[in-house]
C-alpha cells in the first residue's frame, strides 16, 4: 500500500520532535510549527492524516482544520489538546469534522492505533472514489456504444 503522509501541527517544537521520534518508523511524518506551515506541507504532499494541537497562536487547531475542509475534504483529522474543554470538543466535531479528539500527553500506542485507523479510512475513501470514477467512465462508454447501435 502507498504510504501517505501524516502531518502534525503544533507550535511547541519539543512536541513536534517527540511526535516525529515516536512515529517516524511507522509513518511518513511531516511537522509544522503553525497552521501556515501546515498548509504549505498539505499543498506539496499527499497527507492522509492531520494531527493538530488546539491551542496555537494565530489560528487554533479547529480553525485550521475547518479552513482546509473545502480543499482537502478526505484528509482525516485528529485534534490534540492539553486542556479538556467541552466547547472545544463540540467545535472540533461540528466545525473541524474531527475523527478523534485526544488529550495531551498522548499515549504512543493509542495514538499510533488511531493514526493507523485513520490511514485505513483515508485509503478506503480514496479507493471508493477511484472505483466510482471507473464505474462512471464505464457507464459513459456503454452509453456511447448503445447510442451507436440504436
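Take the stretch 48-85 and flag every residue that is assigned to a loop (DSSP other than H, G, I, E, B) and within 26 Å of residue 123 (Cβ to Cβ). Spell out the reasoning first.
First, the residues of the stretch 48-85 that are assigned to a loop (DSSP other than H, G, I, E, B): 54-60, 69-75, 82-85.
Residues satisfying the conditions are 69, 70, 71, 72, 73, 74, 75.
A search for C-beta distances below 6 Å between a residue of the stretch 1-24 that is without any contact (Cβ under 8 Å) to a residue 40 or more places away in the chain and any residue that is surrounded by 15 or more Cβ atoms within 10 Å (Cβ to Cβ) and not in a strand (DSSP E or B), counting only pairs 6+ apart in sequence or on different chains, returns 16/10.
Go through the stretch 1-30 and count every residue that is in contact with a strand residue (DSSP E or B) (Cβ under 8 Å, 6 or more places away or on another chain) and surrounded by 14 or more Cβ atoms within 10 Å (Cβ to Cβ). Of the residues in the stretch 1-30, 18 are in contact with a strand residue (DSSP E or B) (Cβ under 8 Å, 6 or more places away or on another chain) and surrounded by 14 or more Cβ atoms within 10 Å (Cβ to Cβ).
When the stretch 117-145 is examined, which residues are found to be surrounded by 14 or more Cβ atoms within 10 Å (Cβ to Cβ) and without any contact (Cβ under 8 Å) to a residue 40 or more places away in the chain?
In the first step, residues of the stretch 117-145 are kept if they are surrounded by 14 or more Cβ atoms within 10 Å (Cβ to Cβ); the result is 117-119, 121-123, 125-126.
Result: 117, single match.
The one condition from (1) out of contact with any helix residue (DSSP H, G or I) (no Cβ under 9 Å at 6 or more places or on another chain); (2) farther than 23 Å from residue 20 by Cα; (3) modelled with pLDDT of 90 or more that residue 109 does not meet is (2).
The values are calculated or read from the model by the stated rules, or taken from the named source; none is laboratory data. The structure displayed is predicted, hence computed values, not measured ones. Note that each Cβ is placed from the backbone with ideal geometry, even for glycine, and that neighbours are counted across all protein chains shown.
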